[in-house]
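The values are calculated or read from the model by the stated rules, or taken from the named source; none is laboratory data. None of these values were measured; they are calculated from a predicted model. Please note: Cβ atoms are built from the backbone with ideal geometry, for glycine as well, and neighbour counts cover all protein chains shown.
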Amino acid sequence: MIGIFGGTFDPVHTGHLRPALELFEILQLEELRLIPAGTPPHRRPPRASAAQRLAMLRRAIAGQAGFQLDERETRRSGPSYMVDTLCELRAELGEQLPFCLLLGMDAFLGLSSWHRWEEIPRLAHLVVSHRPGWLPEHLDDHGGPLAELADSCLVSDPRDLNSAPAGLIFMQPVTQLDISSTRIRALIRGGRNPRYLLPDTVWNYIQEQQLYR
Ligand code: ATP
């Protein structure tokens, strides 16, 4: 079983990394692929270039067994759609390997706005981690197709995810870290020190590159 963790990572921070490691262990993943978006479809273009975001991720996961940087979305032209990435991974890794797409609750609640979103649960399980400010109860407000999906496909034991290649949903509380890339960028722009919200190796790189000023 592998984990797939997409994001803008502008920059990567402890709020990404700690939940990712907790899920890696709880799900007993063989590997966790971190896949930075080249051109994120739902938001303003990232402040750091794809090469810089890759460099920060490389530093952040150095030495962490099982964590792998997957550069495919930064190499593809056009918007980075997760459905395309999952189709590519399926073609490479086969139809049987269980895929777990890791999503924070905010990302899960926005899933129905993603390009060809209905195909995503057919390509991967959805593993949703709690994030400060985003409660599972919000699912009812967002309602509709996502709430229905969560009702019919939810499992409570992570071992069940091994029983099928895709199609299940698992929700996992993780250490709650109220950290966002937006806030880190704002701190740096305001001349404040973001240290300890992200790995030192990443903060050192940001300073070398004079990013987010
Ligand atoms: P930005 O502030 O620029 O929007 P972000 O901090 O939300 O960025 P992204 O790279 O957009 O980070 O997030 C990628 C994935 O990581 C999403 O699934 C998101 O839910 C999850 N995530 C980000 N920050 C946290 C956090 N503090 N706790 C749990 N999940 C998080």
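Below, the figures for the structure above:
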item: Residue tally, condition modelled with pLDDT under 95 and away from the ligand (no atom under 14 Å from the Cβ), over the range 119-133; result: 0
item: Yes/no for A60 being over 27 Å from P173 (Cα atoms), modelled with pLDDT of 95 or more and buried (at least 20 other Cβ atoms within 10 Å of the Cβ); result: no
item: Count of the range 4-41 residues which are over 12 Å from the mean Cα position of the chain (by Cα) and of a type in the set (G, A, S); result: 1
item: One residue from R76, R33, R72, R43 being surrounded by fewer than 16 Cβ atoms within 10 Å (Cβ to Cβ) and in contact (Cβ under 8 Å) with a residue 24 or more places away in the chain; result: R43
item: Top-ranked residue of the range 155-213 - restricted to ones that are farther than 19 Å from I2 by Cα and of a type in the set (G, A, S), ranked as farthest from the ligand (Cβ to nearest atom); result: G191
item: Subset of the range 134-158 (residues that are at pLDDT 80 or above, exposed (fewer than 11 other Cβ atoms within 10 Å of the Cβ) and not hydroxyl-bearing (S, T, Y)); result: E148, D151, D157
